[in-house]
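**Student:** Just dropping this structure here.
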Amino acid sequence: HGEIEMASLKEMRFHSGNYLKNFNYFYAVIVFLVAIRFIAVFWNVDTYHEGDKYPSIIEMAQGGVIFRDVNHIYGFLMTIINFPLVKFFGNYLIVTRISGFIIQMLLVLVSYRLFKNFASLTVSKNLAFFLLGISNAWSWINPNIGASGNTWPTHYGMLLVCLSLLLIIKKSKSFKVEFVLFVLAGFLSAAAWSARLEFITVWFLQTLAIA
């Protein structure tokens, strides 16, 4: 009986050891960081960014006209994307927070796809991991900081720029397809200025590089 128990114990240790060897800590950390970002969706109020954007979103959801009834410190892209959601789900801050969380996750994924075109798979994963880790979501640790895990207008602009770069480097055997991708890339790059005016510089530099 004792020998059977000893054999069972050794088998349990063997399986436990294999499980730990096969366990991917890299992905575990990624899940942790995504969870941190999602927790930050419910934390604090960014009186600067949300103080500018959220009232604008509410105003447009109630029928206001952009540039006439709505004030903008930054660009209008974030407002344009979010006001239909607020109009549908109601005037709740959590609506724009969850929308922003999705934008940030898309930014990490698109950036990873972009990195893969210029670096090895390992380097690309680590760069995406770094981008995920430097989120403003960490401000939830200190409630005295006037910030939150909310998405900023910059995130929207960065997403458009990264998508634009992906389309530029995408190859196709069809000239018509490449031309359409090229035009779409230019549109996305130029549209990034609607998130923040500074992104017009990116469009200008892309144009110079292609020319």
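**Student:** Work out how much length Phe130 to Val177 would gain on full extension: take 0.36 nm times their residue separation and subtract the Cα-Cα distance, in nm to one decimal. Please report the intermediate quantities before stating the final value.
**Tutor:** Numbers: separation 47, 0.36 × 47 = 16.92 nm, distance 3.36 nm.
Between Phe130 and Val177, full extension yields 13.6 nm more.
**Student:** While we're looking at this one, here's another question. Determine the gain in length on full extension of the stretch Ile81-Ile200; use 0.36 nm per residue of separation and subtract their C-alpha separation, reporting nm with one decimal.
**Tutor:** Working: separation 119, 0.36 × 119 = 42.84 nm, distance 1.93 nm.
Length gained, Ile81 through Ile200: 40.9 nm.
**Student:** Let me ask something else. Might you tell me the accessible area per residue for the range 55-135, computed with a 1.4 Å probe and given in Å²? Spell out each step's value before the answer.
**Tutor:** Working: 4450 Å² over 81 residues.
Heavy-atom accessible area per residue stands at 55 Å².
The values are calculated or read from the model by the stated rules, or taken from the named source; none is laboratory data. Predicted model only: the values in this text are computed from it and were never measured. To get the accessible areas, we keep the full protein, side chains included, count just its heavy atoms, and leave off ligands, DNA and RNA. Shrake-Rupley method; radii C 1.70, N 1.55, O 1.52, S 1.80 Å.
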